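Just below is one structure, and these are the notes that go with it.
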Amino acid sequence: GQEVARLDFHGRYPVFALDAGAEPPKLWLGYDPGWQEPSPLLPITDEGDKLVVGEDVLGQSPTGFRGPLFLDVDPQRKRLYVSDFSRTIRRVDLKTDAIENFLEASEAVVDRQGNLYVLSGYNTDELLRLSPEGKPLPFAGTGSHKIEVKYRAGLPHVGVRGLCVAPAGDIYVFQDNNTEPMHVWRFGTD
């Protein structure tokens with residue numbers, strides 16, 4: 001394939017997610033612009049031959065974030081989930097750009113139904129499944145909304161370091177163990 005559009009920016013630790021439900025499709029980009037600088041959260045609209053950056057939705061907000069780690073989109077509910085080094089997941093309402101501190105955890109991803117899968121973070125060994133409202137959502141096979149996943153800190157407040165949910169509902173977790181073997185776990189939908 002040929003390059004269609006390019007957007008250049010300066011920063012480190014970029015994270016981005018696609019809001020495929022937006023028309024036209026929209027990317028969300030967060031990154032660390034430098035030591036002790038507030039991290040932006042930028043909407044990027046795909047206009048075919050160019051990528052257009054919108055206004056930073058975080059601005060200088062006290063609920064902004066520093067050093068983005070993970071983000072994911074719930075297109076059905078028009079929400080964006082962002083986590084950073086503070087070990088707080090923030091929920092951004094994409095209709096109003098309102099930001100709220102949602103949950104203490106290191107990472108969250110959204111499945112097709114808008115359910116959240118959350119790595120609890122520092123000093124925990126839990127992967128949680130929650131409803132879009134943040135309520136416990138048990139797995140059919142266990143009756144619990146928790147799965148044990150051995151936590152291993154890679155950096156302060158940065159845990160297992162990889163989480164995704166397949167369209168069919170299988171959960172994949174990646175663990176970086178520095179000098180030890182790395183792990184990829186797969187958990188079934190139940």
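The values are calculated or read from the model by the stated rules, or taken from the named source; none is laboratory data. Please read all numbers here as calculations on a predicted model, not as lab measurements. Cβ coordinates were reconstructed from backbone atoms using ideal geometry, including for glycine residues, and neighbour counts include every protein chain displayed. With ligands, DNA and RNA removed, areas are computed over all heavy atoms of the protein, side chains included. Shrake-Rupley method; radii C 1.70, N 1.55, O 1.52, S 1.80 Å.
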Carbon and sulfur atoms account, in whole percent of the 1.4 Å probe accessible area of the chain, for 50
Set the Förster distance to 41 Å, then compute FRET efficiency between Gln76 and Gln36 from the Cβ-Cβ distance, nearest 0.05. 0.70
Taking the chain, the lysine pairs whose C-alpha atoms sit under 29 Å apart (8 or more places apart or on different chains) add up to 12
Under a 10 Å cutoff between Cα atoms, tell me which one of Asp49, Asp72, Asp32 has the largest fluctuation in the Gaussian network model of the chain. Asp49
Dipole magnitude of the chain about its Cα centre (Cβ charges: Lys, Arg +1; Asp, Glu -1), debye to nearest 20: 400
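Please identify every one of the GluC sites (Glu not before Pro) in segment 1-103 that sits in a loop by DSSP and has no more than 12 other beta carbons within 10 Å of its own beta carbon.
Passing sites in segment 1-103 are Glu3, Glu47, Glu55.
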On average, how much accessible surface per residue is there in the chain, in Å², for a 1.4 Å probe, leaving out ligands, DNA and RNA? 55
Stretchable slack from Thr96 to Trp185, in nm (0.36 nm times residue separation minus alpha-carbon distance): 28.4 nm
